[in-house]
Amino acid sequence: MMLLHGGDREEARNRFQALWERIGPDGDPLHRCTLAHSMADAQDDPEAELAWDLRALTAADALDDDRPARHDTAVALRALYPSLHVNLAADFLKLRRPGAAREHLDRARAASTALGDDGYGTGVRAAIDRIDRRLREQGA
């Protein structure tokens, strides 16, 4: 994350990819979700960003597929859903797919009840509002 925030997107992608391979498809869903969520932010191509955000959502949904979840993992994933969906809305907006963007924005707003009254929750709710304004400006 420090590499990503420091502007070295390529090295961040390389290291995230190595972690992704190490975690593997049967790794903890929370780890896979957060890693894919971060990997999406490191992408330069909007299609690649969308693909990683979809992987993050799939990992989060893995808990619903007969997979036992520790309570703290389930709680953490519920709090991530609004961010996952708002990122997908932003991806679809970049790709000029307003219908899909609106669908994920609505899901983000519905899931936002799981957010706390802290900096993270405030930031996600602000992102929901920003994307909503952009969609309305575009008539979507």
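Could you provide, to the nearest whole Å², the per residue accessible area of the chain with probe 1.4 Å?
Working: 7890 Å² over 140 residues.
Solvent-accessible surface per residue comes out at 56 Å².
Please report, in whole Å, how far the alpha carbons of the chain spread along each principal axis, starting with the longest.
For the chain, the Cα extents along the three principal axes come out at 43, 35, 27 Å.
Of all the accessible heavy-atom surface of segment 1-58, with the other protein chains kept in place and a 1.4 Å probe, what percent is carbon and sulfur?
Within segment 1-58, the accessible surface is 52 percent carbon and sulfur.
The values are calculated or read from the model by the stated rules, or taken from the named source; none is laboratory data. Everything numeric in this text was worked out from a predicted model, so none of it was measured. Remember, those area values only see protein heavy atoms, side chains included, never the ligands or the DNA or RNA. Shrake-Rupley method; radii C 1.70, N 1.55, O 1.52, S 1.80 Å.
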